[in-house]
Amino acid sequence: MRGKLLVIGFGPGSFDHITKRAQEAIQESDYVIGYKTYVELIKGLLTDQEIISTGMSEEVSRAQAAVKYAEQGKKVAVISSGDAGVYGMAGLVYEVLVEKGWKESTGVEVEIIPGISAINSCSSLLGAPVMHDACTISLSDHLTPWAIIEKRIEAAGAGDFVIALYNPKSGKRTRQIAEAQQILLKYRSPDTPVGLVKSAYRDSQQVVMTTLQNMLDFEIGMLTTVVIGNSSTFCYDNKMITPRGYQRKYTLNTEKQRLRPHERLRPENEPWALHEGKKDTQSPERYADDTPLTLAMEALQKLDAEGKMDKLSDGYPTIAQPAVESIFELAVSPGVVNKKFTPKQLLVLAEVAGENGTMEYTPHHQILLKIPTSDPDSITEKLSEAGFLLEPIGDVFQIKACDFCDGEKKDSIPYAEEIQRKLGGMDLPKELKLGFNGCGMACYGAVNEDIGIVFRKGKFDLFLGGKTVGRTAHPGQPVAEGIPPEQIVEVIEGIVNEYRQNGHPNERFYKYFKRAQEVQGFKHKDITPVIELEPALCGE
């Protein structure tokens, strides 16, 4: 049976603004997958569905899980606040499907169910601020480099768009909203109306009317949408109003209009439009030299002479688009066993990172690279030629092996390298580290990782479910001793593949082990003492 993906936008969060189709889709689903705060907002619609809720930045794992369960024949609801196609989950679900070679005719069925986006819900509380051309810009640089966001703010400011800023500020991101304000002050009056709407149509709703100059004097957070007016937006009786432009053609307080309908679009009555304008009275066959159309064509010809134009097949010009750069991220290391970087390798790292890339050394003998580029293949080619081991970053499998006493205790090295070859970089519900120690000293802390194996007396000991960070950190449970070397790779493959298949998105291995109670025949034991601790915020 074909499964089905129901990608649902449920609007601002109040039941009054959830469409009938969205409610039906949630109730007919076998699984509901979403950000945990969004799941809370729709809990009144839930019955017996399997619920998978994850943290804020786990969008990719949610999309992957949804596709996986749909491919098993299930109906899966993927929920987004607002509209699923506006900074929601719709595009990401399609991206995951495309990566898997999905075809609409034969693959799982997909239905996108629209909802009310924040620009609409927030604007309704402010008045009518988006009556004319408007755009949305997310200030989150989690997925988009800030340099690109800056260009978009500049363009929107220069183009006099009404602007809705999504994700304007968070606990860690505080400068972006201030920089956006400074960019827009170059193009807008300090008195430009601004509306700040937090949690529209929810119990904690707040609406503030202010100006571009003073907007930072008020609380702005991740749940706030910032609506910034254009040059014609005005405030009246605590409402933001952006004229549609009718005042150019009509007299609003006069019943009988100056121009009749058939006259309003004549060139002489709309001199601002990009039409041919008035004819030259001396030479009726041509138009006046200063018409908007003439000036526009002159500008295009200058761009063409400078090589900035491409000719389309139908003869119309278009501005040549530059290659799109993205941030390419990967981890590099000298190898599984080798921990020594050579001078040549460091030079290659400096070359590929360039002036704009970053390099970050980790405790796991890796360097994380973040490089703006439109050609990632050339970077991986150079790094591979320099002898680096390349790995993806994120929710993947990573082996963290010791240096085997600088290679002297070499008996177990082939098994570490085989595990890396078979599992290294595998996508998983959450990042998973396998600690590998080549002797019973276990000095690299293998027993503290998600999975730990220790080579002792010619055989392997296995530890599962370690937790390396937090105030409740603990080592893994010893689940087996004396595993023959020829079996260890197969054992690890079985554990990792089971976790990959059955783990929930964002579910760490130790949590999965505790939930499942048994992994590949190795049983979980509740031996970790339970300590009641006051929750602590990050950084406290």
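Calculate, in nm to one decimal, what GLN213 and MET426 gain on full extension: separation in residues at 0.36 nm each, minus their alpha carbon distance.
Full-extension gain reported as 71.8 nm.
By how many nm would the segment from LYS409 to LYS239 grow when fully extended, if each residue of separation counts as 0.36 nm and the alpha-carbon distance is taken off?
Taking LYS409 through LYS239 to full extension adds about 53.7 nm, to one decimal.
Which lysines, on any chain, are close to LYS186 with Cα under 16 Å apart, when same-chain ones fewer than 8 places away are left out?
LYS151
Cα-Cα over 30 Å: which of LYS36/LYS239; LYS75/LYS430; LYS43/LYS430; LYS198/LYS514; LYS382/LYS422; LYS198/LYS433?
Those over the limit are LYS36/LYS239; LYS198/LYS514; LYS198/LYS433.
Cross-link partners among lysines for LYS302, C-alpha distance below 21 Å, same-chain residues fewer than 8 apart left out?
Straight-distance partners of LYS302: LYS311.
Per-residue counts of other Cβ atoms within 10 Å, averaged by peptide: what ranking do you get for 100-108, 157-165, 360-368, highest first?
157-165, 360-368, 100-108
How do the peptides 431-439, 28-36, 468-476 rank, highest first, by the average count of neighbouring beta carbon atoms within 10 Å per residue?
In decreasing order of mean packing, 431-439, 28-36, 468-476 become 431-439, 28-36, 468-476.
Set the Förster distance to 30 Å, then compute FRET efficiency between THR47 and ILE148 from the Cβ-Cβ distance, nearest 0.05.
Plugging the Cβ-Cβ distance into 1/(1 + (r/R0)^6) gives 0.10.
All of the numbers you see were taken from the coordinates with simple rules; none came from a lab. These numbers come from a predicted model, not from an experiment. Neighbour counts are summed over all protein chains in view; Cβ atoms, including those assigned to glycine, are modelled from backbone coordinates with ideal geometry.
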